Amino acid sequence: MSDMTCSDGTRLFVRDWGTGEPIVFLAGWTLSSDAWAYQMTPLSARFRCIGIDRRGHGRSDDPGRGYDFDTLASDLATVLDRLGLDKVTLVAHSFASGEAVRYLRRYGTKRVKRLLLLAPAAIPCRRAAPDNPGGLPDDAIEQLVQVIGDDFPCWIEQNAAPYFDKGTSRAIIDWTIRDMTRTSMLATVELTRIQMTTDFRPELAALDLPVLIIQGTADASAPIELTGQPAAAMIPGAELIVYDNAPHGLYFTHRHRLNDDIARFASQGAAIG
């Protein structure tokens with residue numbers, strides 16, 4: 001574990017376990033690298049596993065600024081550059097799909113060899129538009145931002161059950177809530193807004209590396225028909241693997257299958273199933 005300082009002075013907490021081909025894990029909205037515990041622990045026996053707490057999350061600084069995709073992409077670039085990583089398999093869950101795509105648009109594929117998007121909530125475009133009728137209108141987005149900003153712990157509790165599945169212990173749910181509620185409230189609100197209003201469609205069409213999307217059919221946070229399926233259709237050569245009845249929190253509920261798929265993708269970059 002180490003700390004890294006970004007160009008604006010923000011200190012980021014970085015986990016770095018194991019040796020071998022690097023896998024860099026980006027956690028979802030308001031989650032820290034702790035969320036990847038059940039991936040990084042087993043996979044670090046074969047790979048170099050790196051987890052990052054984004055600014056305002058976990059053990060990283062809360063600078064009160066930089067909660068936009070360009071800055072978050074720059075933060076990721078800082079970590080990859082300082083660690084001297086190349087041939088990276090980048091694994092991005094939920095909100096982090098936008099971070100990963102924006103990084104690749106700005107910095108290219110010099111360091112990243114493959115991209116795995118897990119239940120990608122930020123792409124292709126969550127905002128309604130004439131050519132995106134399935135998105136949310138602006139007033140609904142602002143209402144969501146307001147509800148989260150008014151009582152975030154209550155909002156989490158109300159949405160905890162569909163995030164996992166019926167067999168998930170209350171201990172895991174409480175652990176996740178603790179991780180989410182230590183996130184800066186400013187980051188929580190600003191990241192909600194940019195996730196719901198940024199149009200990534202042009203950036204997806206320009207991706208030029210192997211991309212695997214994994215998502216479940218029971219994803220209540222980011223329904224697959226609005227996120228993973230259209231994203232896979234827009235990304236050249238992308239592969240989509242669908243987990244039947246898997247929720248948004250499939251990094252825990254389906255961890256054993258997911259870990260096998262991550263390992264195969266990181267090792268080969270070939271089609272898997």
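The values are calculated or read from the model by the stated rules, or taken from the named source; none is laboratory data. No experiment lies behind these values; they were computed from the predicted model shown. A quick note on method: Cβ atoms are made from the backbone with ideal geometry, for glycine too, and the neighbour counts reach across all protein chains shown. For accessibility, only protein heavy atoms count, side chains too; no ligands or nucleic acids. Shrake-Rupley method; radii C 1.70, N 1.55, O 1.52, S 1.80 Å.
Odds and ends about this structure:
- 5 angstrom amide H check on residue 136, placed H, neighbours 5+ away: 127, 128
- Residues whose amide H lies under 5 Å from that of residue 29, counting only those 5 or more places away or on a different chain, are 95, 96; hydrogens are built 1.01 Å from N in the peptide plane.
- Stretch gain in nm, segment residue 159-residue 106, where the contour uses 0.36 nm per residue and the Cα spacing is subtracted: 15.7 nm
- Largest to smallest in accessible area, the residues 155, 175, 29 fall in the order 175, 155, 29 (1.4 Å probe, all protein chains included).
- Unit charges on C-beta of K, R, D, E only; dipole of the range 27-108, Debye: 240 debye
- Maximal additional length on extending the residue 59-residue 267 stretch stands at 71.9 nm, based on 0.36 nm per residue less the C-alpha distance.
- In the context of the full protein assembly, residue 264 retains an accessible surface of approximately 90 Å², using a probe radius of 1.4 Å and ignoring ligands and nucleic acids.
- Across 125, 154, 49, mean-square fluctuation computed from a Gaussian network of the chain (C-alpha pairs under 10 Å connected) peaks at 154.
- Approximating the spin labels as points 7 Å out from Cα along Cα→Cβ, the residue 82-to-residue 189 distance works out to 2.9 nm.
- Calculated from the structure at hand, semi-axes √(5λ) of the Cα gyration tensor in Å is found among (1) 32, 19, 16; (2) 24, 22, 20; (3) 39, 25, 14 as (2).
- In sequence order, calculated HN-Hα J values of the range 190-202 (Karplus, 6.51, -1.76, 1.60; Hz; x Gly/Pro): 5, 6, 4, 5, 6, 4, 8, 10, 8, 9, 9, 4, x
- Per-residue ³J(HN,Hα) for the range 64-73, Karplus 6.51 cos²θ - 1.76 cosθ + 1.60, θ = phi - 60°, Hz, x for Gly and Pro: x, 7, x, 8, 9, 5, 5, 5, 5, 5
- Across the chain, Cα pairs under 8 Å and at least six residues apart give a relative contact order of 20 percent.
- For 257, 48, the ranking by accessible surface with the largest value first comes to 257, 48, using a 1.4 Å probe.
- Taking amide H as placed 1.01 Å from N in the peptide plane, residue 18 has its amide H under 5 Å from the amide H of 49, each at least 5 places away in sequence or on another chain.
- Rounded, prolate or oblate (a/c below 1.5 giving rounded, otherwise prolate when a/b exceeds b/c) for the range 15-125 by Cα gyration tensor: rounded
- Applied to the range 249-262, the Karplus parametrisation 6.51 cos²θ - 1.76 cosθ + 1.60 on θ = phi - 60° returns per-residue 3J(HN,Hα) values of x, 6, 4, 9, 5, 10, 4, 5, 5, 4, 4, 5, 5, 4 Hz, with x for Gly and Pro.
- Inter-label distance, nm, simple model (7 Å from Cα along the C-beta direction), residue 178/residue 225: 3.9 nm
- Placing pseudo-labels 7 Å out from each Cα toward the beta carbon at residue 171 and residue 199 gives an inter-label distance of 4.8 nm.
- Each of 40, 234 has its accessible area taken with a 1.4 Å probe; listed largest first, they run 234, 40.
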